[in-house]
Amino acid sequence: SLASTAITCFTRGLDLRKGTEDVLCPANCPLWQFYVFGDGVYASLSSVCGAAIHRGVITNAGGAVRVQTLPGQENYPAVNANGIQSQVLSRWASSFSVTAGTKNTALEAVGRSVSTARPSTGKRPKKTVDKKAGNKDCKADIAFLIDGSYNIGQRRFNLQKNFVGKVAVMLGIGTEGPHVGVVQASEHPKIEFYLKNFTAAKEVLFAIKELGFRGGNSNTGKALKHTAQKFFSLENGARKGIPKIIVVFLDGWPSDDLEEAGIVAREFGVNVFIVSVAKPTTEELGMVQDIGFVDKAVCRNNGFFSYQMPTWFGTTKYVKPLVQKLCSHEQMLCSKTCYNSVNIGFLIDGSSSVGESNFRLVLEFVSNVAKAFEISDIGSKVAAVQFTYDQRTEFSFTDHVTKEKVLSAIRNIRYMSGGTATGDAISFTTRNVFGPVKDGPNKNFLVVLTDGQSYDDVRGPAAAAQKAGITVFSVGVAWAPLDDLKDMASEPRDSHTFFTREFTGLEQMVPDIIRGICKDFLDSKQ
């Protein structure tokens, strides 16, 4: 179609719905507010108009741009072009490219604006923001960890409060929008108010104005650890499935160590941002315990989670870009999701009825399920056991901590051939594979693949596995009896039992298994 859509400075690639879309960028977007990742091929998180200026397709006078959706990729580079510094991103699920759009569509674009996930400024055209609900596009539970040390002093402490207040207002706090709380770091941390205390921007603003300066050493590490462990409980108002964020404000540098606190925050699924103001000068660096304190505390050392302001004066222009970061739901790489917080054990039938070529199809199925998860030492983990009458651990949860190694280990599994004792195999796997990780942070899943009747009882061992906190999915092929499959599966049994006549049918089940694991993960979240 010829009609273009008028978009805003903040519309991102992922806000557009079509494979190819003609858009009109407005004039005079502030260049320093653009978030752009990559060069030529841009991560879909990038601002469309920002990417177009970066690429040289339009200038800051705006204009028509054609946006083409592309697949995701690894390693988007950082390149400075046309006044915009793009940022590095190690991996993203989708991308886009920009080319010059057609000029004759300008007239049709009037009045067809697309609403995008931008922070509500209250002055949104046509779209009335329900004041009480807040900005629904920005889902976040945020703790502002403010600096209350002698480093900052009373005067700058007040400027810091003003800045935090502006950020809180622009976020669009509301019952269905972001919720915020404040913790003050000094000698000892003090939680000033929790997420549940206020759900209206006015109340939050008032509470921030009332904060008193505490003074003392800037034990930011201690405060960060305390906040990660204590602040985000359900009884204090944290919400299920919503990113947990701590924004650490640091004037100068911390008096204690941030590294351990950063690790604790990541273990608790909290995304840590550091806003550093008045970074240490060259002369002061000698007094800093650890020069790399920012990199060790932030969620990921990829540039996205650190933010710098030269002083506390004239900070208004820094409010909006910070708010945009805090509202970028998909960038919160430290949130616990089903993709990065599960252990999946595959129990693979190696009996003689399967046969070598079907066994390859089973391994392909296992690979395709494993591929969907973010496997790493702090992320999801995968293990595999093959069984006949005997069991063989092909690899355990701790053997391979990258996706590449897991996939290559799956490819290298050799077919055993023999009888079928599924019950024994479930007991073996519960004890030897899940036993060592049962107290870990990840949720445990077992996917049992079999093509026939078991010679032993499956019901007892499966019940014991479930009692040990393992969710069981049973996948049957060919002659696997439905009763056995249902007896092994977790409740509700229908959604944990899968069956196909032919081994070639396994491929279609992959998305359903992944979806099932994610649904159980979300349902189990405190």
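Listed values, structure above:
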| read-out | value |
| --- | --- |
| Probe 1.4 Å - accessible area at D494, Å² to nearest ten | 120 |
| Highest average packing first - 365-372, 151-158, Cβ atoms within 10 Å | 365-372, 151-158 |
| Region 5-100 shape via C-alpha gyration tensor axes, a/c threshold 1.5 | oblate |
| Net charge dipole size for the chain [Lys, Arg +1 and Asp, Glu -1 on Cβ; Debye, nearest 20] | 2380 |
| Cβ crowding within 10 Å averaged over residues, with 248-258, 77-87 ranked highest first | 248-258, 77-87 |
| Inter-probe distance in nm under a simple model that places probes 7 Å from Cα toward Cβ, at D39 and K209 | 4.9 |
| Option label - Rg/Rh (Cα atoms, Kirkwood Rh) computed here, alternatives (1) 1.09; (2) 0.99; (3) 1.03 | (3) |
| Rounded tilt (10° steps) of 506-524 against the dominant C-alpha axis of the chain | 60 |
| Whether region 158-259 is rounded, prolate or oblate, judged on the alpha carbon gyration tensor where a/c under 1.5 counts as rounded | oblate |
| Angle in degrees between helix 220-230 and the longest Cα principal axis of the chain, rounded to the nearest 10 | 50 |
| Region 378-419 versus region 1-76: alpha-carbon centroid distance in Å | 43 |
| Dipole of the chain, positive end: most advanced residue of S186, L446, A61 [Cβ charges, Cα centre] | A61 |
| Over the chain: helical MRE at 222 nm, DSSP H runs n ≥ 4 each giving -39500 (n - 2.57), nearest 500 | -8000 deg cm²/dmol |
| FRET efficiency estimate (nearest 0.05) - Cβ-Cβ, L31 to A78, R0 22 angstrom | 0.90 |
| Long pairs among K225/K405; K225/K443; K225/K296, criterion Cα-Cα beyond 21 Å | K225/K405; K225/K443 |
| Unsatisfied cross-links (Cα-Cα over 28 Å) in the set K18/K131; K131/K230; K139/K166; K18/K244; K336/K403; K18/K240 | K18/K131; K131/K230; K18/K244; K18/K240 |
| Relative contact order of region 381-526, defined on C-alpha pairs under 8 angstrom at six or more residues apart (%) | 17 |
| Calculated FRET efficiency for the pair D399/N197, C-beta based, R₀ 41 Å, to 0.05 | 0.30 |
| Gain on full stretching of the segment that runs from K486 to D457 - 0.36 nm per residue minus C-alpha separation | 9.2 nm |
| Using alpha-carbon coordinates, inclination of helix 316-326 to the longest axis of the chain, degrees | 10 |
| Mean accessible surface per residue for the chain, computed with a 1.4 Å probe while every protein chain stays in place, in Å² | 44 |
| Ranked by how many other beta carbons lie within 10 Å on average, peptides 398-410, 423-435 from highest | 423-435, 398-410 |
| Carbon/sulfur fraction of accessible area - the chain, other protein chains in place, 1.4 Å, % | 53 |
| Length-normalised contact order of region 141-331 in % [C-alpha pairs under 8 Å, at least 6 apart] | 23 |
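The values are calculated or read from the model by the stated rules, or taken from the named source; none is laboratory data. No experiment lies behind these values; they were computed from the predicted model shown. Using ideal geometry, Cβ is built from the backbone for each residue, glycine included, and neighbour counts are taken over all protein chains shown. These accessible areas exclude ligands, DNA and RNA; they are computed on the full protein's heavy atoms, side chains included. Shrake-Rupley method; radii C 1.70, N 1.55, O 1.52, S 1.80 Å.
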